[in-house]
Amino acid sequence: MHYVYFLQSNRFPDQFYTGLTKDVEARLAEHNAGKSKHTAKYRPWRIISYHYFHDADTALAFEKYLKSGSGRAFAKKRFLKS
């Protein structure tokens, strides 16, 4: 399975992150350990939503969409509440 996930910073609730992984809990632990330069300064993080896909290409396309302008607007309306 492939997961697209949303994180929200506990210390900075207006900060969100969207990512792609095969193991959501392990990836969250990496973010909270500071192993990602993009998320280290906003840790700790919490999972607010994740969505699984059987197909890696579909998961990657969904993550890419969510990082586009219209995808960010969609995610903000549907998933990201500060």
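The values are calculated or read from the model by the stated rules, or taken from the named source; none is laboratory data. What you see is a predicted model; the values in this text were computed from it and never measured. Reconstructed Cβ throughout: ideal geometry from the backbone, glycine too, with neighbour counts over all protein chains shown. The protein model used for the area step is the full one, side chains on, heavy atoms only, and it has no ligands, DNA or RNA in it. Shrake-Rupley method; radii C 1.70, N 1.55, O 1.52, S 1.80 Å.
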Practice task
Would you kindly calculate the translational diffusion coefficient of the chain, applying Stokes-Einstein with the Kirkwood radius from alpha carbon pairs, for 37 °C and a viscosity of 0.692 mPa s, and quote it in µm² s⁻¹ without decimals?
Solution key: 257
Fill in the blank from the handout: Share of accessible surface on carbon and sulfur in segment 4-82, whole %, 1.4 Å probe and ligands ignored, is 51
Completion exercise
If unit charges are put on Cβ atoms (+1 for Lys and Arg, -1 for Asp and Glu) and the dipole of the chain is taken about its Cα centre, the option from S49, H38, Q15 lying farthest towards the positive end turns out to be Q15
Problem - Distance between modelled label sites at H51 and A29, nm, 7 Å Cα→Cβ extension - result: 2.7
Exercise for the section: Express the accessible area of the chain per residue in Å², computed with a 1.4 Å probe while the remaining protein chains stay in the model. Expected result: 65
Completion exercise
Taking only the Cα positions of segment 27-74, the convex hull volume per residue in Å³ is 106
Problem - Top of T58, T18, T39 by mean-square fluctuation, Gaussian network on the chain, Cα under 10 Å - result: T58
